[in-house]
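For reference, the structure discussed in these notes is given below.
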Amino acid sequence: EPEVTQTPSHQVTQMGQEVILRCVPISNHLYFYWYRQILGQKVEFLVSFYNNEISEKSEIFDDQFSVERPDGSNFTLKIRSTKLEDSAMYFCASIGMRDPRPGEQYFGPGTRLTVT
Amino acid sequence: GENVEQHPSTLSVQEGDSAVIKCTYSDSASNYFPWYKQELGKRPQLIIDIRSNVGEKKDQRIAVTLNKTAKHFSLHITETQPEDSAVYFCAASKTSGTYKYIFGTGTRLKVLA
(Lines give C-alpha, C1' and ligand atoms only; values in the text may rest on other atoms or scores of the structure.)
Protein backbone atom coordinates (compact mmCIF):
# COMPACT_ATOMS: atom_id res chain seq x y z
CA GLU A 1 0.00 0.00 0.00
CA PRO A 2 1.45 3.41 -0.92
CA GLU A 3 2.54 5.62 1.95
CA VAL A 4 3.53 9.20 2.51
CA THR A 5 7.23 9.41 3.36
CA GLN A 6 9.14 12.14 5.15
CA THR A 7 12.81 12.93 5.64
CA PRO A 8 14.63 13.36 7.88
CA SER A 9 12.99 11.58 10.78
CA HIS A 10 14.77 13.88 13.22
CA GLN A 11 16.40 17.24 12.60
CA VAL A 12 18.36 19.19 15.17
CA THR A 13 19.19 22.78 14.33
CA GLN A 14 20.34 25.93 16.03
CA MET A 15 18.08 28.91 16.51
CA GLY A 16 18.18 31.20 13.50
CA GLN A 17 19.14 28.49 11.05
CA GLU A 18 17.09 27.49 8.03
CA VAL A 19 15.61 24.01 7.79
CA ILE A 20 13.89 22.17 4.99
CA LEU A 21 11.59 19.30 5.78
CA ARG A 22 10.83 16.97 2.92
CA CYS A 23 7.82 14.90 2.06
CA VAL A 24 6.89 12.58 -0.75
CA PRO A 25 3.09 12.38 -0.91
CA ILE A 26 1.23 9.48 -2.46
CA SER A 27 1.73 9.80 -6.19
CA ASN A 28 -1.83 10.34 -7.44
CA HIS A 29 -2.89 12.64 -4.62
CA LEU A 30 -3.79 16.23 -5.32
CA TYR A 31 -4.02 18.06 -1.98
CA PHE A 32 -1.04 18.33 0.31
CA TYR A 33 -0.79 19.53 3.88
CA TRP A 34 1.64 20.31 6.62
CA TYR A 35 0.62 19.97 10.24
CA ARG A 36 2.65 20.33 13.38
CA GLN A 37 2.35 18.79 16.81
CA ILE A 38 4.17 20.35 19.73
CA LEU A 39 5.07 17.67 22.28
CA GLY A 40 2.01 16.64 24.23
CA GLN A 41 -0.33 18.91 22.32
CA LYS A 42 -2.80 18.52 19.50
CA VAL A 43 -2.05 18.35 15.81
CA GLU A 44 -2.34 21.83 14.27
CA PHE A 45 -2.95 22.75 10.65
CA LEU A 46 -0.22 24.84 9.04
CA VAL A 47 -0.86 25.00 5.32
CA SER A 48 -2.60 23.33 2.41
CA PHE A 49 -1.31 23.20 -1.14
CA TYR A 50 -3.23 22.47 -4.32
CA ASN A 51 -2.54 23.01 -7.98
CA ASN A 52 0.96 24.27 -7.24
CA GLU A 53 -0.06 27.01 -4.88
CA ILE A 54 -1.01 27.58 -1.28
CA SER A 55 -4.75 27.22 -0.89
CA GLU A 56 -4.96 28.04 2.80
CA LYS A 57 -2.61 28.81 5.65
CA SER A 58 -3.06 29.18 9.37
CA GLU A 59 -1.94 32.00 11.62
CA ILE A 60 1.06 29.89 12.58
CA PHE A 61 2.28 29.91 8.98
CA ASP A 62 3.95 33.31 8.99
CA ASP A 63 6.59 34.78 6.69
CA GLN A 64 9.22 32.45 8.14
CA PHE A 65 7.49 29.49 6.54
CA SER A 66 7.25 28.53 2.91
CA VAL A 67 6.24 25.46 0.96
CA GLU A 68 7.22 24.21 -2.41
CA ARG A 69 6.57 21.35 -4.75
CA PRO A 70 9.77 21.54 -6.77
CA ASP A 71 9.04 18.51 -8.91
CA GLY A 72 6.30 15.98 -9.42
CA SER A 73 7.00 14.09 -6.23
CA ASN A 74 8.50 16.17 -3.43
CA PHE A 75 6.68 18.61 -1.17
CA THR A 76 8.85 20.69 1.13
CA LEU A 77 8.37 22.91 4.15
CA LYS A 78 11.04 25.52 4.75
CA ILE A 79 11.49 27.45 7.96
CA ARG A 80 13.76 30.36 7.16
CA SER A 81 14.99 31.32 10.63
CA THR A 82 14.06 28.78 13.26
CA LYS A 83 12.93 29.74 16.73
CA LEU A 84 12.88 27.63 19.88
CA GLU A 85 9.09 27.45 19.66
CA ASP A 86 9.31 25.80 16.24
CA SER A 87 10.41 22.61 17.99
CA ALA A 88 7.69 20.11 17.19
CA MET A 89 6.79 17.07 15.14
CA TYR A 90 5.89 18.09 11.60
CA PHE A 91 3.55 15.87 9.65
CA CYS A 92 2.95 15.93 5.94
CA ALA A 93 -0.36 14.61 4.67
CA SER A 94 -2.01 14.12 1.33
CA ILE A 95 -5.45 13.31 0.04
CA GLY A 96 -6.72 11.76 -3.13
CA MET A 97 -9.82 13.17 -4.71
CA ARG A 98 -11.81 10.21 -5.96
CA ASP A 99 -14.67 11.83 -4.07
CA PRO A 100 -15.26 15.61 -4.14
CA ARG A 101 -16.18 15.52 -0.48
CA PRO A 102 -13.48 15.65 2.22
CA GLY A 103 -12.00 12.30 3.06
CA GLU A 104 -9.13 10.44 4.62
CA GLN A 105 -5.83 12.22 4.77
CA TYR A 106 -2.79 9.98 4.71
CA PHE A 107 -0.11 11.08 7.12
CA GLY A 108 3.62 10.67 6.84
CA PRO A 109 5.68 9.37 9.78
CA GLY A 110 6.69 12.90 10.76
CA THR A 111 9.90 14.83 11.21
CA ARG A 112 10.85 15.74 14.73
CA LEU A 113 12.43 19.18 14.66
CA THR A 114 14.49 20.22 17.66
CA VAL A 115 15.67 23.82 17.77
CA THR A 116 18.42 24.52 20.30
CA GLY B 1 -13.23 30.43 14.78
CA GLU B 2 -12.95 26.76 13.96
CA ASN B 3 -12.43 24.63 17.00
CA VAL B 4 -12.83 21.02 18.11
CA GLU B 5 -12.94 20.15 21.78
CA GLN B 6 -12.20 16.63 22.94
CA HIS B 7 -12.78 14.91 26.28
CA PRO B 8 -11.43 13.31 28.31
CA SER B 9 -7.74 14.05 27.92
CA THR B 10 -6.84 10.74 29.57
CA LEU B 11 -8.88 7.60 30.01
CA SER B 12 -7.97 4.39 31.79
CA VAL B 13 -10.16 1.31 31.43
CA GLN B 14 -9.85 -2.32 32.36
CA GLU B 15 -9.32 -4.76 29.55
CA GLY B 16 -12.67 -5.86 28.19
CA ASP B 17 -14.47 -2.70 29.25
CA SER B 18 -15.75 -0.04 26.87
CA ALA B 19 -14.20 3.35 26.23
CA VAL B 20 -15.98 6.46 25.02
CA ILE B 21 -14.32 9.63 23.76
CA LYS B 22 -16.36 12.71 22.94
CA CYS B 23 -15.78 15.66 20.63
CA THR B 24 -17.62 18.87 19.96
CA TYR B 25 -17.06 21.01 16.88
CA SER B 26 -17.85 24.66 16.31
CA ASP B 27 -18.19 25.00 12.53
CA SER B 28 -21.65 23.87 11.48
CA ALA B 29 -20.40 23.50 7.89
CA SER B 30 -18.21 20.56 8.96
CA ASN B 31 -19.38 17.40 7.30
CA TYR B 32 -16.61 14.85 7.70
CA PHE B 33 -15.36 13.53 11.02
CA PRO B 34 -12.41 11.14 11.12
CA TRP B 35 -10.85 9.49 14.15
CA TYR B 36 -7.13 8.84 14.21
CA LYS B 37 -5.11 6.57 16.47
CA GLN B 38 -1.54 7.58 17.19
CA GLU B 39 0.85 5.20 18.87
CA LEU B 40 3.95 6.56 20.51
CA GLY B 41 6.34 8.00 17.95
CA LYS B 42 4.22 6.93 15.01
CA ARG B 43 2.02 8.65 12.47
CA PRO B 44 -1.71 9.13 13.02
CA GLN B 45 -3.69 6.31 11.45
CA LEU B 46 -7.35 6.54 10.48
CA ILE B 47 -9.48 4.07 12.41
CA ILE B 48 -12.98 5.15 11.49
CA ASP B 49 -14.76 8.12 9.97
CA ILE B 50 -18.30 9.38 9.54
CA ARG B 51 -19.99 11.82 7.22
CA SER B 52 -22.73 14.21 8.21
CA ASN B 53 -25.44 12.33 6.34
CA VAL B 54 -25.04 9.37 8.70
CA GLY B 55 -25.78 9.18 12.42
CA GLU B 56 -23.77 6.11 13.30
CA LYS B 57 -21.13 3.87 11.81
CA LYS B 58 -19.65 0.69 13.17
CA ASP B 59 -16.59 -1.37 12.32
CA GLN B 60 -16.17 -4.42 14.52
CA ARG B 61 -15.32 -3.14 18.03
CA ILE B 62 -15.26 0.51 17.01
CA ALA B 63 -18.24 2.77 16.43
CA VAL B 64 -18.75 6.46 15.90
CA THR B 65 -21.94 8.41 16.52
CA LEU B 66 -22.76 11.89 15.26
CA ASN B 67 -25.31 14.38 16.52
CA LYS B 68 -25.34 17.21 13.97
CA THR B 69 -27.81 19.30 15.91
CA ALA B 70 -25.63 19.35 19.00
CA LYS B 71 -22.41 19.29 16.96
CA HIS B 72 -21.17 16.32 18.94
CA PHE B 73 -19.54 13.12 17.80
CA SER B 74 -18.20 10.24 19.83
CA LEU B 75 -15.91 7.25 19.48
CA HIS B 76 -16.93 4.02 21.17
CA ILE B 77 -14.51 1.14 21.61
CA THR B 78 -15.96 -2.06 23.03
CA GLU B 79 -14.12 -5.04 24.51
CA THR B 80 -10.96 -3.01 24.83
CA GLN B 81 -7.60 -4.74 24.50
CA PRO B 82 -4.11 -3.62 25.61
CA GLU B 83 -3.21 -2.89 21.99
CA ASP B 84 -5.94 -0.24 21.93
CA SER B 85 -3.72 1.85 24.21
CA ALA B 86 -2.73 4.96 22.24
CA VAL B 87 -3.64 8.59 21.77
CA TYR B 88 -6.87 9.13 19.86
CA PHE B 89 -7.62 12.31 17.95
CA CYS B 90 -10.92 13.40 16.53
CA ALA B 91 -11.02 15.88 13.67
CA ALA B 92 -13.51 17.84 11.61
CA SER B 93 -13.37 18.83 7.97
CA LYS B 94 -15.70 20.34 5.41
CA THR B 95 -16.31 20.26 1.69
CA SER B 96 -15.78 23.95 1.03
CA GLY B 97 -12.24 25.21 1.08
CA THR B 98 -9.23 22.99 1.41
CA TYR B 99 -10.50 19.95 3.28
CA LYS B 100 -8.06 20.72 6.09
CA TYR B 101 -8.55 18.95 9.39
CA ILE B 102 -9.21 20.72 12.64
CA PHE B 103 -8.06 18.31 15.31
CA GLY B 104 -9.23 17.82 18.85
CA THR B 105 -6.77 17.92 21.71
CA GLY B 106 -6.38 14.15 21.91
CA THR B 107 -7.25 11.45 24.43
CA ARG B 108 -4.63 9.16 25.89
CA LEU B 109 -6.31 5.80 26.35
CA LYS B 110 -4.74 3.23 28.63
CA VAL B 111 -6.17 -0.26 28.67
CA LEU B 112 -5.11 -2.05 31.82
CA ALA B 113 -4.57 -5.78 31.56
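Taking every residue in the stretch B:27-38 that is more than 9 Å from every other protein chain (Cβ to nearest Cβ) and modelled with pLDDT under 95 and pairing it with any residue that is surrounded by fewer than 19 Cβ atoms within 10 Å (Cβ to Cβ) and part of a loop (DSSP other than H, G, I, E, B), at least 6 positions away or on another chain, the pairs with Cβ-Cβ distances below 7 Å are B:27/B:2; B:28/B:71; B:29/B:96. For residue B:84, the criteria (1) touching a strand residue (DSSP E or B) at 6+ places or on another chain (Cβ under 8 Å); (2) within 27 Å of residue A:36 (Cα to Cα); (3) within 14 Å of chain A (Cβ to nearest Cβ) hold in every case but one, which is (3).
Hey, could you check the stretch B:72-81 for residues that are β-branched (Val, Ile, Thr) and within 21 Å of residue B:40 (Cα to Cα) and say which is nearest to the other protein chains (Cβ to nearest Cβ)? I'd like the intermediate steps shown before the answer.
Our first condition is that a residue be β-branched (Val, Ile, Thr); within the stretch B:72-81, this holds for B:77-78, B:80.
Now narrow it down to the ones that are within 21 Å of residue B:40 (Cα to Cα): B:77, B:80.
Working: B:77: 19, B:80: 23 Å.
Here the residue is B:77.
Checking every residue in the stretch B:75-94 against the condition of being at pLDDT below 95, polar (S, T, N, Q) and in a loop (DSSP other than H, G, I, E, B) gives zero matches. From the list A:81, A:87, A:73, the one residue that fits, being more than 10 Å from every other protein chain (Cβ to nearest Cβ) and more than 21 Å from residue A:10 (Cβ to Cβ), is A:73.
Go through the stretch B:92-113 and count every residue that is touching an Asp or Glu at 6+ places or on another chain (Cβ under 9 Å), within 14 Å of another protein chain (Cβ to nearest Cβ) and touching a residue at least 60 places away in the same chain (Cβ under 8 Å). Total satisfying the criteria: 6.
The values are calculated or read from the model by the stated rules, or taken from the named source; none is laboratory data. Here the structure is a predicted model, which means the values were calculated and not measured. No Cβ is skipped: glycine too gets one built from the backbone with ideal geometry, and neighbour counts run over all protein chains shown.
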